[in-house]
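Here, each number is a calculation from the coordinates, and none is a lab measurement. Note that this is a predicted model, so its numbers are computed, not measured. Positions of Cβ are backbone-derived with ideal geometry, glycine not excepted, and every protein chain shown enters the neighbour counts.
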Amino acid sequence: MSNYYHGAKASKQATSVSTPVVADSSIHLIVGTAPVHTVGGKVNEPVYASNYAEAVAAMGYSDEWDKYDICEEIYSSFKLYSNGPIIMVNVLDPAKHLKGAETVEKTLAGGITELPYEAVSDTVEVKGYDGEDSLTETYTRGEDYDLFYADGVLRLERIESGKIKADNARLNIKFNSVDPSKVTKKEIIGGYDTNTNKSSGFELVDSVYPKYGVIPTLFLAPNFSTDSEVAAIMAAKAENINGLFTGKAIIDADTETVKVYSDVPTWKSKNNITQPSQLVTWPKYTLGGKIYHSSVHQAGVMSKTDATEDLGGGSPCESASNKTIQIDGMALADGTEVLLDLVKTNYLNSNGIITALNLTGSFVSWGNETACYPANTDVTDYFYCVSRMFSWVANSVILSMWSKVDKKLNKRLIESVTQSINIWLNGLMAEEKILGGRVEFLEEENTTADLLAGKAKFHIYLTPPSPAKELDFVLEYDVSYLENIFA
């Protein structure tokens, strides 16, 4: 075809500077148990929820958090801290984790009777008696009776047009119930099943970004993270999300065996919870008569701090330490009250343990250090706000520059990358989210062999602000001011 053209025309060239794709800083991922049998919810699938109603519709809800820890996260994240979205992975399987069939005799009252909340509605079988106490009638759900979960029970209600004729009829009911206590740490850790080609538990972390386009960066397992193996797996997954991204695992120190604050560092060391990717919290927290795992509150206040415009402003640059948490006390697992003053909380902090403090009339999160402290004193590892900023910048750069992969490795590409990142870093510096930052393409870091192989290395220099964890005021008596008496 001829290249001949007669007339005017215009064309558009791609902008050399890319608009940054900013990674989410604090999306929670919780692996645990939920009453999914009440809503037909999913097992071993990551579920995205952006508000309380979505989460409850997907997972069900119960205040028995010792059985259903996902419900604790739902309540804390959405009700107390107004955060979201969250990612939930339920491992309680209503077809597997069962108590065993049982049969009960029930007499309707006003056409209604109740079964335990744990009863699985699909397993319910209802029979009726004739006048000689023989089971002669088999009733059908949807025709003779209906079932629905409400107010912490499974309610059975007769249908007037059905075969159950009396509002006070005597029924023989057989059913099976879920048993959350049968969920083990093995199922929380999860893995990959070669027979079904499906992942489970924390192994599902890598499926979140492909499925929902978000990166979960705060990992929780409230009822199971006290186990050293679970804590180790959580740390490993947080350090390598999709082979690209990084986050933090928030670990609950055991409040059943560790009852004194001074014993927490020993527990932490014994369980080898010493990674920069781990945050350790102790003890449990209370609010309105409910007992919470401290990890869910720590995750909540971190997300709240990140999202607050004059604090994190959408980034994790601000520490959540000394920020208000929604609690009215602290306790052990058995409900025993825990009182900590500044000396005790600072002792915990000095051993890489986050807690709460009430010094000025309200409780705040207290502690800036990751679990690697005090053994590791690299500021990019032990201050969790600095460490999270490095992760956030890295995650954002990867997302922003992914479109450059496999383009021609030439000067124009290098300039486009460096210019785009430097403009973004300058913006972060102007917003005071970092003290300074720049990216360089250094000749000594890019050998001829690497360039021939299509490998380019960009060096990012970054300085997030450290938290002002110690303000020292020196008071001195100044004799010269006595002259003011005669002024």
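Quick one: net charge of GLY314's neighbours, Cβ under 10 Å, K/R +1, D/E -1?
Details: positive: LYS433; negative: ASP24, ASP306, GLU309, GLU431.
Overall, the nearby charge balance is -3.
For the ranges 285-294, 451-460, 85-94, what's the packing order if you count other beta-carbon atoms within 10 Å of each residue, average per peptide, and put the highest first? List each step's numbers first, then the result.
On the way: 285-294: 18.5, 451-460: 12.3, 85-94: 24.4.
Going from most to least packed, we get 85-94, 285-294, 451-460.
State the label only: which of (i) 4, 17, 23, 20, 15, 10, 6, 4, 2, 0, 0, 0; (ii) 4, 19, 29, 26, 15, 6, 1, 0; (iii) 4, 22, 34, 27, 11, 1, 0 corresponds to P(r) over Cα pairs in 10 Å bins from 0, in percent computed from the shown model?
(i)
Arrange LEU171, LEU348, LEU29, LEU135 by Cβ neighbour counts within 10 Å, fewest through most, would you?
On the way: LEU171 21, LEU348 26, LEU29 29, LEU135 11.
Ascending Cβ contact count within 10 Å gives the list LEU135, LEU171, LEU348, LEU29.
By its C-alpha gyration tensor, with a ≥ b ≥ c as the square roots of the eigenvalues, how is segment 365-487 shaped: rounded for a/c under 1.5, else prolate for a/b larger than b/c, else oblate? It would help to have the intermediate numbers written out before the result.
On the way: a/c = 3.40, a/b = 2.40, b/c = 1.42.
Note, shape of segment 365-487 comes out prolate.
Could you state the number of Å between the C-alpha centres of segment 67-118 and segment 286-357?
Using only Cα atoms to place each centre, the spacing works out to 27 Å.
Using 0.36 nm times the number of residues separating LYS182 and THR447, minus their current alpha carbon distance, what extension gain do you get? The partial results should precede the final answer.
Working: separation 265, 0.36 × 265 = 95.40 nm, distance 5.59 nm.
That works out to 89.8 nm of additional length.
Straight-line reach only, C-alpha to C-alpha below 20 angstrom: list the lysines that LYS186 could link to, leaving out same-chain residues fewer than 8 apart.
Filter leaves LYS42, LYS67, LYS96, LYS99, LYS198, LYS237.
Sorting check: for 333-339, 442-448, which peptide has the highest mean count of neighbouring beta carbons within 10 Å, and how do the rest follow? It would help to have the intermediate numbers written out before the result.
Working: 333-339: 12.7, 442-448: 10.0.
Put in order of decreasing packing, that is 333-339, 442-448.
Give me the extension gain from VAL17 to ASN240: residue separation times 0.36 nm, minus the current Cα-Cα distance, reported in nm with one decimal. Working shown, then result.
Values: separation 223, 0.36 × 223 = 80.28 nm, distance 2.88 nm.
Full-extension gain reported as 77.4 nm.
Counting other C-beta atoms within 10 Å, and keeping those with at most 11, which DSSP coil trypsin sites (Lys or Arg not before Pro) do you find in segment 1-96? Can you show the working numbers first?
Details: sites: LYS9, LYS12, LYS42, LYS67, LYS79, LYS96; in loops: LYS9, LYS12, LYS42, LYS67, LYS96.
When the trypsin sites (Lys or Arg not before Pro) of segment 1-96 are filtered for loop state and at most 11 Cβ neighbours within 10 Å, LYS9, LYS12 remain.
Enumerate the residues in segment 420-453 having an amide nitrogen under 14 Å from the point lying 7 Å beyond the Cα of HIS459 toward its Cβ.
438-447
Which of the helices in the chain meet the span-like rule: DSSP H, Cα axial reach of 18 Å or more, Kyte-Doolittle mean at least 0.0?
Those that pass (Cα extent of 18 Å or more, hydropathy at least 0.0) are 384-401, 411-430.
What number, rounded to the nearest 500 deg cm²/dmol, is the helix-based mean residue ellipticity at 222 nm of the chain, given -39500 (n - 2.57) per DSSP H run of at least four residues and division by all its residues?
-7000 deg cm²/dmol
Based on the mean of other Cβ atoms within 10 Å per residue, sort peptides 411-424, 377-390 so the most packed one is first. Could you put the intermediate results ahead of the total?
Values: 411-424: 16.5, 377-390: 20.4.
Per-residue mean Cβ counts within 10 Å order the peptides as 377-390, 411-424.
Kindly state, to the nearest 0.05, the FRET efficiency for ASN484 paired with THR360, given R0 = 45 Å and r defined as their beta-carbon distance.
Values: r = 33 Å, r/R0 = 0.73.
FRET efficiency, ASN484 to THR360: 0.85.
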